[in-house]
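Colleague: Provided herewith is a single structure, encoded as structure tokens, for subsequent inquiry.
The values are calculated or read from the model by the stated rules, or taken from the named source; none is laboratory data. What you see is a predicted model, and the numbers here were worked out from it, not measured in a lab. Virtual Cβ from ideal backbone geometry, glycine too; neighbours counted across all protein chains shown. For the accessible areas, the whole protein counts, side chains as well, though only heavy atoms, and no ligand, DNA or RNA atoms are used. Shrake-Rupley method; radii C 1.70, N 1.55, O 1.52, S 1.80 Å.
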Amino acid sequence: MKTDTIAAISTAMTNSGIGIIRISGEDAISTAHSIFVNKQNKKCLDTYKSHTIHYGYVVEEDGTIVDEVMISIMKAPHSYTMEDVVEINCHGGIFIMQKIMDIVISAGARIAQPGEFTKRAFLNGRIDLSKAEAVMDIISSKNEFALQSSVKQLKGSVSEIVCDLRKEILYEIAFIESALDDPEHMSLDDYPERLFEKAEEVCNRLQKLLNSADDGRLLKEGINTVIVGRPNVGKSSLLNILVGEEKAIVTEIAGTTRDILEETISLDGITLNMIDTAGIRNTEDIVEKIGVERAKKVIEEADLIIYVIDASVPMDENDYQIMQMIADKKVIVLLNKSDLNVYVTEDKLYETISEISKNDARDSFLDRGKIIKTSMTRKEGITFFIKTIKEMFLHGDLSYNDEVYITNMRHKEALKDAYESMLQVKKSIEDSMPEDFYSIDLMSAYASLGMIIGEEIGEDLVNEIFSRFCMGK
Ligand code: GDP
């Protein structure tokens, strides 16, 4: 099938050292040939081999030199799109890039739509949809986790799992179909038990992936974190240490009052979106400053609460109030000021919580969280604190973690659908339904998983997915 030739500026539209204009399609080389001359002022691009790079000039139709460039040629099928691709490395000024782009368009190419190069890579079969989406995720990754999981996805981690699950499901579909077609030679007598076991195994694998999606989202987007504690316990000191040591970006959250800020702190590959209030910085208590109702709301929306206690003085009413508010959250308790005479020990904390909640403290938030002794003045316990956050959300170190995380919400939805279909398979077996009932749900699980890699997916959805890509990618 002949496709038209597309072109786009692939680098950012700002003045910079170098800009890249990419051309892809059957006429990519002839288009570039018509606008390029070498040092000897000759048009010769069409004679060059694939995967070579050439020095020369982009010229207008009348021969006027527009820019000094390097042009690389990648011939089909060994290119990003599997089509002939030419990349023009020109100077990165907005005006010059736009000017060269105009010349390329006049020479016959058309302006590419956002994501169209990657869409061609997908449609031409070089990458599946989950890999194509990984390309965009790499570009938009904000931290080491997001980057690493997207790179893994691009290398096929998600595709492999999905294809493997589909293969197993397809085997069962085929088995049922064959047995129904040929009952004389293939018996389905004890098949339901076998299928039940298989369905259970597939459900477990799907469930594991779905669980990873929750952590995956947090790690990719950042963990919404709130620091709570009475005034003067060391909250600002903690924030200052984190912000001081690491890169922090402060952004105001749209739609909230002016005194709530979001501070993005990146710690060893993990991003904390600190829901900061002006109050925290001014050493006033979050609960006091923004009011109990709003504090509750902020806490409710948090993925992680850091509860700072001044361990050198007894706890009081304010602590009791805070503990009740954070009772069902993931919490890290910092017993701070451990360099002073310690009054609140770990045991004391458990005791207090038991008294307030009238039940075993180990059933409370501490069961899901951790208690860490810190001293902000001596910067003690901070490394362990960061390690604890990583363990809570990443289950270990990023670089040694081979686990596949689902970070794309579209994939999560498809997995959920597949999981539900597989549950239905189990239910039909339990209800002793006829075998063709199993097939229907197996097929729908198979189709749902296919959506992830781009099989069984409509053109509209493909277009919608790629329209979210950047220009030039
Ligand atoms: P916030 O009101 O909770 O934000 O508390 P701050 O971080 O402003 O700290 C209140 C006071 O406690 C300051 O004078 C800090 O220097 C001091 N402080 C904070 N952390 C420690 C600590 O670990 N040890 C000691 N001795 N003092 C601390």
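Colleague: Got a number for residues in segment 11-49 being more than 23 Å from Ile94 (Cβ to Cβ), open to solvent by 40 Å² or more (accessible area, probe 1.4 Å) and under 35 Å from the mean Cα position of the chain (by Cα)?
Modeller: 1
Colleague: Further question on the same structure: One residue is enough: does segment 362-374 have a residue meeting the conditions in contact with a helix residue (DSSP H, G or I) (Cβ under 7 Å, 6 or more places away or on another chain), part of a loop (DSSP other than H, G, I, E, B), within 16 Å of the ligand (Cβ to nearest atom) and at pLDDT 90 or above?
Modeller: yes
Colleague: I'd like the full set of residues that are more than 13 Å from Thr374 (Cα to Cα), over 38 Å from the mean Cα position of the chain (by Cα) and of a type outside the set (Asp, Glu), limited to segment 301-317.
Modeller: Hits for segment 301-317 are Val313, Pro314, Met315.
Colleague: If Val86 satisfies every condition in (1) over 28 Å from Ile139 (Cα atoms); (2) touching a helix residue (DSSP H, G or I) at 6+ places or on another chain (Cβ under 6 Å) but one, which is the exception?
Modeller: It is condition (1) that Val86 fails.
Colleague: Hey, can you tell me all the residues within segment 451-473 that are surrounded by fewer than 19 Cβ atoms within 10 Å (Cβ to Cβ) and not in a loop (DSSP other than H, G, I, E, B)?
Modeller: Across segment 451-473, the qualifying residues are Glu459, Asp460, Leu461, Val462, Asn463, Glu464, Ser467.
Colleague: I would also like to ask the following. Given the options Ile103, Ile53, Ile111, Ile94, name the one that is buried (at least 16 other Cβ atoms within 10 Å of the Cβ), over 30 Å from Tyr405 (Cα atoms) and of a type in the set (Val, Ile, Thr).
Modeller: Checking each option against the conditions leaves just Ile103.
Colleague: Kindly indicate whether Asn282 is within 15 Å of the ligand (Cβ to nearest atom), modelled with pLDDT of 70 or more and open to solvent by 20 Å² or more (accessible area, probe 1.4 Å).
Modeller: No, not satisfied.
Colleague: What pairs can you find where one residue is in segment 72-86 and open to solvent by less than 50 Å² (accessible area, probe 1.4 Å), the other is in a loop (DSSP other than H, G, I, E, B) and of a type in the set (S, T, N, Q), and their Cβ atoms are less than 8 Å apart, with a gap of 6+ or different chains?
Modeller: Close Cβ pairs (under 8 Å, with a partner that is in a loop (DSSP other than H, G, I, E, B) and of a type in the set (S, T, N, Q)) amount to Ile73/Ser50; Met74/Ser50; Thr81/Asn124; Glu83/Thr3; Glu83/Asn124; Val85/Ser79.
Colleague: Give me the pairs, please: first residue somewhere in segment 228-245 and within 16 Å of Val333 (Cβ to Cβ) and among the charged types (D, E, K, R), second residue anywhere and more than 8 Å from the ligand (Cβ to nearest atom) and open to solvent by 10 Å² or more (accessible area, probe 1.4 Å), beta-carbon distance under 7 Å, and either six or more positions apart or on two chains.
Modeller: Matching pairs, first to second residue: Arg230/Asn318.
Colleague: What do you reckon, is Asp190 open to solvent by 30 Å² or more (accessible area, probe 1.4 Å) and either at negative phi or in contact (Cβ under 8 Å) with a residue 60 or more places away in the chain (or both)?
Modeller: yes
Colleague: Please specify each residue of segment 5-29 satisfying the condition of being of a type in the set (Gly, Ala, Ser) and touching a residue at least 40 places away in the same chain (Cβ under 8 Å).
Modeller: Ala7, Ala8, Ser10, Ser16, Gly17, Gly19, Ser24, Gly25, Ala28
Colleague: From Asp441, Asp431, which residue is surrounded by 15 or more Cβ atoms within 10 Å (Cβ to Cβ) and at pLDDT 90 or above?
Modeller: Asp441 is the lone residue from the list that is surrounded by 15 or more Cβ atoms within 10 Å (Cβ to Cβ) and at pLDDT 90 or above.
Colleague: Restricting attention to segment 237-273, which residues are more than 14 Å from Asn143 (Cβ to Cβ) and modelled with pLDDT of 80 or more?
Modeller: Ser237, Leu238, Leu239, Asn240, Ile241, Leu242
Colleague: Which residues, taken from segment 326-343, are of a type outside the set (Ser, Thr, Tyr) and either open to solvent by 50 Å² or more (accessible area, probe 1.4 Å) or over 10 Å from Ile371 (Cβ atoms) (or both)?
Modeller: Correct list: Ile326, Ala327, Asp328, Lys329, Lys330, Asn336, Lys337, Asp339, Leu340, Asn341, Val342.
Colleague: Looking at (1) touching a helix residue (DSSP H, G or I) at 6+ places or on another chain (Cβ under 8 Å); (2) away from the ligand (no atom under 16 Å from the Cβ); (3) under 30 Å from Val342 (Cβ atoms), can you tell me which one Ile382 breaks?
Modeller: (2)
Colleague: Same structure, new question: Inspect segment 226-235 for any residue being part of a helix (DSSP H, G or I) and either within 16 Å of the ligand (Cβ to nearest atom) or touching a Cys at 6+ places or on another chain (Cβ under 6 Å) (or both) and give the result as yes or no.
Modeller: Checked segment 226-235: at least one residue is part of a helix (DSSP H, G or I) and either within 16 Å of the ligand (Cβ to nearest atom) or touching a Cys at 6+ places or on another chain (Cβ under 6 Å) (or both).
Colleague: Might you check whether a residue that is in contact with a strand residue (DSSP E or B) (Cβ under 8 Å, 6 or more places away or on another chain), within 23 Å of Arg126 (Cβ to Cβ) and in contact (Cβ under 8 Å) with a residue 12 or more places away in the chain occurs anywhere in segment 56-66?
Modeller: no
Colleague: Can you work out which of the residues in segment 127-184 that are among the small types (Gly, Ala, Ser) and surrounded by fewer than 16 Cβ atoms within 10 Å (Cβ to Cβ) is modelled with the highest pLDDT?
Modeller: Step by step, filter segment 127-184, then rank; the result is Ala174.
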